[in-house]
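One structure is given below, encoded as structure tokens.
The values are calculated or read from the model by the stated rules, or taken from the named source; none is laboratory data. The model shown is predicted, which means the values in this text are computed figures rather than measured ones. All Cβ positions, even for glycine, are placed from backbone atoms using ideal geometry, and neighbour counts span all protein chains on display. Quick note on the areas: whole protein, heavy atoms, side chains included, nothing else; ligands and nucleic acids left out. Shrake-Rupley method; radii C 1.70, N 1.55, O 1.52, S 1.80 Å.
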Amino acid sequence: MNEKVQLSQLSIPTPQDFSFAECLKHLMKPEQEWLYRVIDNSIYKLLKMDDELILFIIEWQPGNIIVKFPLTQPSTIQVKKVTTFISEWFDLEKDLRDFYELANNDPVLRPIVQSYYGLRIVGIPHFFEAISWAIIGQQINLTFAYTLKKRLVEKYGESLEYEGNKYYVFPSLEIVASLTVEDLKLLQFSARKAEYIIGIAQLILQGKLSKDLVLKQKTFEQKHLFLTSIRGIGPWTADYVLMKSLQEPTAFPISDVGLHNALKKQLNLDRKPTMAELKELAMNWEGWQAYATFYLWRSL
């Protein structure tokens, strides 16, 4: 029985090496983000669960993330789903002691880790959203990528209003799978990206692609190969999804422009590092390439 729980807020313990302030700074950077809002150091997020839109507010108390439900009284199942979502969003289950030990012995990472200690990979737990966002961002600048996502979310995502602000959820698989390429071209998506996103929504609905299917692959290489076998998912997109949605610490988007720019800055180069140099550097980050990348992105 899916009973309602009598609570106005939820408390989620956080690891000792977790900085809500650093994660909040990361979330505040994209002003064009349309799937959450940061207001007065609180995060407002809408999820759809059990055919119900649930708005929650994330706040911080030392040692705990506090979650408030301003509009609904959640069921026990919904509370568990929100808890799981937040844990994945902020990668709370990951033990970072080995990463920090590695980083403190690495001349490139040491100053960055000291500056942003407690930052965790802020992920995208929703699998289809993560893939869609990665595809949207392919070969265009970040500002236009956010514009495309905003148009998609406003046009096809459900929403509700609270205290004068509108909150959205990412469009459902069913809605996206039923769209035509022309529908998305009207939002200025390229025909190719429209085909990819619609096709992936259809594959997920058919049960041919899912987070669980990827996680069932035994090795990182098999997970990567599984994803890149899907039309529209190249190596960079696969690494991004593995890093941001499946919490794979070894994911390494080696061709990422932001990563190249960050290393150019850290190494005081007058050019971007070569692939050979990137591979040599990454040998020192074995097992933690995703975290090395995320901290390097933060350094920009």
- Tally the residues that are in contact (Cβ under 8 Å) with a residue 40 or more places away in the chain and either of a type in the set (K, R) or not in a helix (DSSP H, G or I) (or both), restricting the search to segment 138-149. 2
- Query: Under the condition of being closer than 15 Å to M243 by Cβ and of a type in the set (K, R), which residue from segment 86-131 is farthest from the chain's Cα centre (by Cα)?
  - Reply: K94
- Could you give every pair whose Cβ atoms fall below 7 Å, whose first residue belongs to segment 196-221 and is under 14 Å from I233 (Cα atoms), and whose second residue is open to solvent by 40 Å² or more (accessible area, probe 1.4 Å) and of a type in the set (F, W, Y), counting only separations of at least 6 or pairs across chains? V214/F226
- Query: Taking segment 153-174, which residues are open to solvent by 60 Å² or more (accessible area, probe 1.4 Å) and either of a type outside the set (D, E) or not in a loop (DSSP other than H, G, I, E, B) (or both)?
  - Reply: E154, K155, E161, G164, K166, E174
- segment 132-145 - residue that is out of contact with any Lys or Arg (no Cβ under 6 Å at 6 or more places or on another chain) and buried (at least 19 other Cβ atoms within 10 Å of the Cβ) and, of those, nearest to Y44 (Cα to Cα): W133
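Every residue, every condition in (1) in a helix (DSSP H, G or I); (2) of a type in the set (A, V, I, L, M, F, W, C), yes or no:
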residue	(1), (2)
L213	yes, yes
F226	yes, yes
A238	yes, yes
F252	no, yes
N261	yes, no
- In segment 45-90, what count of residues is obtained for those that are open to solvent by less than 20 Å² (accessible area, probe 1.4 Å) and at positive phi? 0
- Message: Considering only segment 17-34, I want to know if a residue exists there that is modelled with pLDDT of 95 or more, exposed (fewer than 14 other Cβ atoms within 10 Å of the Cβ) and within 21 Å of Y162 (Cβ to Cβ).
- Response: no
- Kindly check whether there is at least one residue in segment 100-117 that is open to solvent by 20 Å² or more (accessible area, probe 1.4 Å), among the charged types (D, E, K, R), modelled with pLDDT of 95 or more and under 29 Å from L152 (Cβ atoms). no
- Item | Residue in segment 107-115 that is farther than 30 Å from Q202 by Cβ, part of a loop (DSSP other than H, G, I, E, B) and among the charged types (D, E, K, R) present | no
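Yes or no, residue by residue, for (1) aromatic (F, W, Y); (2) open to solvent by 20 Å² or more (accessible area, probe 1.4 Å); (3) outside any helix (DSSP H, G or I):
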{"position": "G123", "(1), (2), (3)": "no, no, yes"}
{"position": "R151", "(1), (2), (3)": "no, yes, no"}
{"position": "Q188", "(1), (2), (3)": "no, yes, yes"}
{"position": "A194", "(1), (2), (3)": "no, no, no"}
- Query: Out of the residues in segment 196-239 that are in contact with a Phe, Trp or Tyr (Cβ under 7 Å, 6 or more places away or on another chain) and among the charged types (D, E, K, R), which is least open to solvent (accessible area, probe 1.4 Å)?
  - Reply: D239
- Among the candidates Y146, Y156, Y162, single out the residue that is of a type in the set (F, W, Y), over 23 Å from the mean Cα position of the chain (by Cα) and at pLDDT 95 or above. Y162
